[in-house]
Amino acid sequence: MKAMILGATGLLGKALVREWTGDEVIGLGSGAVDIRDAARVREAVEKSLPEWIVLAAAYTDVDGCEAHADVAFSVNRDGAVNVAQAAKQAGAKLLFLSSDYVFDGKKTSPYEVSDVRNPQSVYGRSKAEAEVRLLEVMPEVCIARTSWLFGTGGKCFPDTILKLAASRPALDVVNDQRGCPTYAVDLARAIISLCRTGACGIVHVTNSGNCSWFEFAQEIVKDAGVAVEVRPVSSAQMARPAPRPAYSVLSATSLQHYGIEMPEWKDALRRYLKERAS
Ligand SMILES: NC(=O)c1ccc[n+]([C@@H]2O[C@H](COP(=O)([O-])OP(=O)(O)OC[C@H]3O[C@@H](n4cnc5c(N)ncnc54)[C@H](OP(=O)(O)O)[C@@H]3O)[C@@H](O)[C@H]2O)c1
């Protein structure tokens, strides 16, 4: 199989390139192909003629999206449509990365793929609108929603906590937002399996189990053996430009349909810490 990864220089993209062995893999960052440029996207896809395109490229700065909505929509929605149109024309299959932010976070039980989108932020709206447009352009697209991504390939929550812990005696971390941390390596492996089984439709892909950011931070410092006090605070005390969903746990049912079981987030965190230290 030949696969093309757009967003190969990002946190997930780097893990995908590393984990995807046994097939021909072409990884491209924004320097090689800006997905806002429809002609350039078409040219790159037609040149390589991949069987699968994994679209991990996005404008992922959630607070930045509030200030630069034009960029958010041109990259995350219109760029995704450019890729879907090029994929369709070249007969390639497409897996698009989406987010828990397409939901409003008001549920108290895991979100199923059939739950109604109701994004509360510009980033969430750009992803939700991309999903709707992609399903119109290419009904057989695979949309993999994930959440709380961490890994060694870029900026992420565990890395930030450990860097802050090195210079502060105590850290305040929000305890009223719940979600599923997801290790880029485990997500990459699941995506590769989904492509190999010819998946289509919406799938939720996260590590299993869930926690609040405060509980996540507690586990990070405990596992890393760092002596720092972690204090629970509310989202209101840590106001950010973009609203975050209070509850964005994604149900594993859609992934189990493909026979894929994800490791528990605490196990994933321990493997991440080992990878980070190596
Ligand atoms: N991080 C999370 O917690 C999280 C949660 C849920 C869903 N997701 C989704 O998962 C996917 C991967 O996220 P990530 O955290 O790995 O992202 P990331 O580390 O921020 O990387 C973003 C990637 O997108 C590329 N990119 C940005 N703008 C582009 C453009 N105009 N044209 C082409 N490429 C462009 C970047 O390329 P350059 O570096 O070369 O500029 C980079 O490779 C994204 O779709 C994201 O929305 C992430």
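A few notes on this one:
- Less than 5 angstrom separates the built amide H of S98 from those of A144, R145, T146, all sequence-distant by 5 or more or on a different chain.
- Per residue accessible area in Å² of the stretch 103-252, where ligands, DNA and RNA are left out and the probe is 1.4 Å: 41
- Value of relative contact order over the chain, rounded to a whole percent, pairs C-alpha under 8 Å and six or more apart: 21
- For the peptides 125-131, 28-34, 221-227, the ranking by mean Cβ contacts within 10 Å, running from highest to lowest, is 125-131, 28-34, 221-227.
- The chain - mean residue ellipticity at 222 nm from DSSP helices (-39,500 (n - 2.57) per run, n ≥ 4, rounded to 500): -11500 deg cm²/dmol
- Positive minus negative residues near E140 (Lys, Arg vs Asp, Glu; Cβ under 10 Å): +2
- Partner aspartates and glutamates for K274 [C-alpha distance under 17 Å; skip if fewer than 8 residues away on the same chain]: E19, D159, D186, E219, D223, E264
- The stretch 187-254-the stretch 99-117 distance, computed between alpha-carbon centres (Å): 14
- Relative contact order of the stretch 42-107: 49 percent, from C-alpha pairs under 8 Å at least 6 residues apart in sequence.
- Here the chain exposes an accessible surface that is 50 percent carbon and sulfur, computed with a 1.4 Å probe and the other protein chains kept in place.
- Long-range amide H partners of L149 with built H, under 5 Å: T182
- Of all DSSP beta bridges in the chain, antiparallel share, percent nearest 5: 5
- Neighbour cut-off at most 13 other Cβ (10 Å), DSSP loop, trypsin sites (Lys or Arg not before Pro), the stretch 9-118: K106
- Cα-based shape type of the stretch 172-278, given that a ≥ b ≥ c are square roots of the gyration tensor eigenvalues and the cut on a/c is 1.5: oblate
The values are calculated or read from the model by the stated rules, or taken from the named source; none is laboratory data. Just so it is clear, the structure is predicted and the values come from calculations on it, not from any experiment. Using ideal geometry, Cβ is built from the backbone for each residue, glycine included, and neighbour counts are taken over all protein chains shown. Surface accessibility is based on the protein's heavy atoms, side chains included, excluding ligands, DNA and RNA. Shrake-Rupley method; radii C 1.70, N 1.55, O 1.52, S 1.80 Å.
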